Amino acid sequence: MRRLELHLEHRFKDRVLRSHRLRPEDKARTMGSANTADFHLTGEQVSGFHAAIEFRQDHWMISDTCSGSGTWISKEAIVEYPINEPITVRIAQ
């Protein structure tokens, strides 16, 4: 059976600042510099609500929420991206 939990690590300069474990039944989560974002990120180029992550049907999806500086996977800016394997996401590269 496929594992559907998602493990997120917030890293800065190769140091883990926080980690989170999400389950499919959890609500969509936001990431950004706003105090009300579910995952608070700091940085001059991080938008208030920079990206969102949610479970859709049978997979996780990360979406850029019209941020000014982008959400990046493998040096490519994304709008939406299905998470099917371990990946590194860069916020405001």
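Taking the numbered list (1) open to solvent by 20 Å² or more (accessible area, probe 1.4 Å); (2) part of a loop (DSSP other than H, G, I, E, B); (3) at pLDDT 95 or above in turn, Y81 passes all entries but (2). Looking only at residues of the range 33-51 that are among the polar types (S, T, N, Q) and without any contact (Cβ under 8 Å) to a residue 40 or more places away in the chain, we find that the one that is surrounded by the most Cβ atoms within 10 Å (Cβ to Cβ) is S33. Tallying residues that are assigned to a strand (DSSP E or B) and β-branched (V, I, T) within the range 33-57 yields 1.
Would you be able to say whether some residue in the range 58-71 is of a type outside the set (A, V, I, L, M, F, W, C), open to solvent by 20 Å² or more (accessible area, probe 1.4 Å), closer than 17 Å to H7 by Cβ and modelled with pLDDT under 95? Yes, that holds for at least one residue. If you go through the range 11-32 and pick out every residue that is closer than 22 Å to R56 by Cα and either outside any loop (DSSP other than H, G, I, E, B) or in contact (Cβ under 8 Å) with a residue 60 or more places away in the chain (or both), you end up with 8.
The values are calculated or read from the model by the stated rules, or taken from the named source; none is laboratory data. The structure presented is a predicted model; accordingly, all values stated were derived computationally and were not measured. As a convention, Cβ positions derive from the backbone with ideal geometry for all residues, glycine included, and neighbour counts pool all protein chains shown. Surface accessibility is based on the protein's heavy atoms, side chains included, excluding ligands, DNA and RNA. Shrake-Rupley method; radii C 1.70, N 1.55, O 1.52, S 1.80 Å.
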